[in-house]
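Visitor: Would you mind keeping the following structure in view while I ask a few things?
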Amino acid sequence: MNSAELINVLSKKLQLNKADVVKRMDDAVSIITDALNKNDIISLHNMGSLEIKKRNERVCVNPGSGKRTLVPPKLIVKFKTSSNLKEKLKGLKL
């Protein structure tokens, strides 16, 4: 599902026009981004949590050339799935 499909589903389910759904989604993303910038953990009910983690500096090797390069440390967003969502996904067929 891409953003346009999500907007369509939400607009039908919430009985709102698409512009209002887009505005609310933009507001939600802005709030989540601000919270992550403050190093807060975002917990989404029955889904999981988002938090900022530091990825340490590491050496990578290009398999084709064998050239080694140093990858600097950086911050990443880590998603941890809730146990409730894990249980719901267990029954899915691949």
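Visitor: Please verify whether Ser49 is at pLDDT 95 or above, outside any strand (DSSP E or B) and of a type in the set (Ser, Thr, Tyr), treating the condition exactly as stated.
Guide: So Ser49 does not fit the description; no.
Visitor: What tally of residues in region 47-68 results from selecting those that are exposed (fewer than 10 other Cβ atoms within 10 Å of the Cβ) and either of a type in the set (Ser, Thr, Tyr) or in the same structural domain as Ala28 (by TED's automatic domain parsing) (or both)?
Guide: Residues in region 47-68 being exposed (fewer than 10 other Cβ atoms within 10 Å of the Cβ) and either of a type in the set (Ser, Thr, Tyr) or in the same structural domain as Ala28 (by TED's automatic domain parsing) (or both): 1 in total.
Visitor: Does Leu6 satisfy the criteria of being out of contact with any His (no Cβ under 8 Å at 6 or more places or on another chain), of a type in the set (A, V, I, L, M) and surrounded by fewer than 13 Cβ atoms within 10 Å (Cβ to Cβ)?
Guide: Here the answer is yes, as Leu6 does meet what is asked.
Visitor: Moving to a separate point now. Is it the case that Pro73 is exposed (fewer than 10 other Cβ atoms within 10 Å of the Cβ) and touching an Asp or Glu at 6+ places or on another chain (Cβ under 7 Å)?
Guide: Against the criterion (exposed (fewer than 10 other Cβ atoms within 10 Å of the Cβ) and touching an Asp or Glu at 6+ places or on another chain (Cβ under 7 Å)), Pro73 qualifies.
Visitor: So, in region 76-93, of the ones that are among the polar types (S, T, N, Q) and part of a helix (DSSP H, G or I), which residue ends up surrounded by the most Cβ atoms within 10 Å (Cβ to Cβ)?
Guide: Once the filter is applied, the top-ranked residue is Asn84.
Visitor: Are any residues in region 23-46 in a loop (DSSP other than H, G, I, E, B) and either touching a strand residue (DSSP E or B) at 6+ places or on another chain (Cβ under 6 Å) or surrounded by fewer than 13 Cβ atoms within 10 Å (Cβ to Cβ) (or both), and if so, which ones?
Guide: Lys38, Asn39, Ile41, His45, Asn46
Visitor: Run down Ile76, Ile32, Ile52, Ile41 and say which single residue is of a type outside the set (Lys, Arg) and touching a helix residue (DSSP H, G or I) at 6+ places or on another chain (Cβ under 6 Å).
Guide: Being of a type outside the set (Lys, Arg) and touching a helix residue (DSSP H, G or I) at 6+ places or on another chain (Cβ under 6 Å) holds for just one of Ile76, Ile32, Ile52, Ile41, which is Ile52.
The values are calculated or read from the model by the stated rules, or taken from the named source; none is laboratory data. Just so you know, these numbers come straight off a predicted model, no measurement behind them. Cβ sites come from the backbone with ideal geometry, for glycine too, and all protein chains shown count toward neighbours.
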